[in-house]
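Down below is the structure, laid out as structure tokens.
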Amino acid sequence: MTRGTGILENLLAKLRARKANQLIPDALRNGRILDIGCGSYPYFLSQTYFREKFALDQIHLADIPPDITAIQVDLKKIRSLEFHDGYFDVVTLLAVIEHLDPEGLVQLFKEIHRILVPGGMLILTTPNAWTDPLLRFMARINLVSKEEIDEHNFAYTLPLLGWYFGRSGFQKQGVEFGTFEAGMNLWVRAER
């Protein structure tokens, strides 16, 4: 879940979780999932089925379900992920990359590519670039979390995300893109 307040925050977290769950093939659910940037509570992981679940965030996670392994790391300083090659079946980044330095995004995607099993998937959501002024207005009137929106470092378009994935080892034919929530958010499903 997100930090701060905002009337729509819980609804938006539920919509992201629903979209991510729709994008994950059932065949991968008997493996491991890593949710990078899960926030103060791993809501998505608590709402999905996997044999093993891992939550990674810079915030200390307390009071989480016992079937989730929590890992604390500074997301803005990630250069490598401390997992073996091919360890995860799915990695998710739900409303996270807009908070990170775009200079490090290619390296992060390369690391995710490395830790995915062949046929594994990265599922990503992020606000569409055109929504940035709207989100900032919504934060001012407490519809969404001001703390979260103030930390947005970069806004993405689908072609720009395609460029990042192309530089990271993901093959073009294995990457799918789309929008949801009336085009306000982007989703990507990239197969290793």
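Enumerate the pairs (first residue in segment 69-82 and within 14 Å of Ile59 (Cβ to Cβ); second residue anywhere and surrounded by fewer than 12 Cβ atoms within 10 Å (Cβ to Cβ)) with beta-carbon separation below 6 Å, excluding pairs fewer than 6 apart on the same chain, so at least 6 apart or on different chains.
Gln72/His60
Quick one: in segment 66-81, of everything that is part of a loop (DSSP other than H, G, I, E, B) and of a type in the set (D, E, K, R), which residue is farthest from Ala27 (Cα to Cα)?
Taking segment 66-81 and keeping what is part of a loop (DSSP other than H, G, I, E, B), we get 66-67, 73-74, 78-81.
Right, trim to of a type in the set (D, E, K, R) and you get 67, 74, 79.
Numbers: Asp67: 20, Asp74: 31, Arg79: 30 Å.
The selected residue is Asp74.
Using beta carbons and a limit of 7 Å, which pairs, at least six apart or on different chains, have the first residue in segment 94-121 and on the phi > 0 side of the Ramachandran plot and the second one part of a strand (DSSP E or B) and of a type outside the set (Asp, Glu)?
Ala95/Thr125; Ala95/Thr126
How many residues are within 20 Å of Val188 (Cα to Cα) and either of a type in the set (Val, Ile, Thr) or not in a helix (DSSP H, G or I) (or both) when one looks only at segment 3-30?
Number of matching residues: 3.
State the number of residues belonging to segment 105-129 that are more than 25 Å from Asp26 (Cα to Cα) and either surrounded by 15 or more Cβ atoms within 10 Å (Cβ to Cβ) or in contact with a strand residue (DSSP E or B) (Cβ under 7 Å, 6 or more places away or on another chain) (or both). Quick ask: steps written out before the conclusion?
Within segment 105-129, the first condition is being more than 25 Å from Asp26 (Cα to Cα), and the residues that meet it are 105-108, 127-129.
Okay, now just the ones that are also either surrounded by 15 or more Cβ atoms within 10 Å (Cβ to Cβ) or in contact with a strand residue (DSSP E or B) (Cβ under 7 Å, 6 or more places away or on another chain) (or both), so 105-106, 108, 127-129.
Within segment 105-129, residues that are more than 25 Å from Asp26 (Cα to Cα) and either surrounded by 15 or more Cβ atoms within 10 Å (Cβ to Cβ) or in contact with a strand residue (DSSP E or B) (Cβ under 7 Å, 6 or more places away or on another chain) (or both) number 6.
Considering only residues of segment 158-183 that are among the hydroxyl-bearing types (Ser, Thr, Tyr) and not in a helix (DSSP H, G or I), which is surrounded by the most Cβ atoms within 10 Å (Cβ to Cβ)? Before the answer, list the steps.
First pass over segment 158-183, keeping only residues among the hydroxyl-bearing types (Ser, Thr, Tyr): 164, 168, 179.
Right, trim to not in a helix (DSSP H, G or I) and you get 168, 179.
Details: Ser168: 20, Thr179: 12.
Per the criteria, the residue is Ser168.
Working only within segment 82-104, note down all residues that are buried (at least 20 other Cβ atoms within 10 Å of the Cβ), in a helix (DSSP H, G or I) and out of contact with any Pro (no Cβ under 7 Å at 6 or more places or on another chain).
Within segment 82-104, just Ile97 meets the criteria.
Which residue is surrounded by the fewest Cβ atoms within 10 Å (Cβ to Cβ), if the candidates are limited to segment 130-147 and must be in contact with a helix residue (DSSP H, G or I) (Cβ under 8 Å, 6 or more places away or on another chain) and of a type outside the set (S, T, N, Q)? It would help to see each step written out before you state the result.
Going through segment 130-147, the residues in contact with a helix residue (DSSP H, G or I) (Cβ under 8 Å, 6 or more places away or on another chain) turn out to be 135-136, 138-140, 144-146.
Now restrict to residues that are of a type outside the set (S, T, N, Q): 135-136, 138-140, 144, 146.
Values: Leu135: 20, Arg136: 14, Met138: 18, Ala139: 20, Arg140: 11, Val144: 24, Lys146: 18.
Checking each candidate, the answer is Arg140.
All of the numbers you see were taken from the coordinates with simple rules; none came from a lab. Since the structure is predicted, the reported quantities are computational estimates derived from the model, not experimental observations. Using ideal geometry, Cβ is built from the backbone for each residue, glycine included, and neighbour counts are taken over all protein chains shown.
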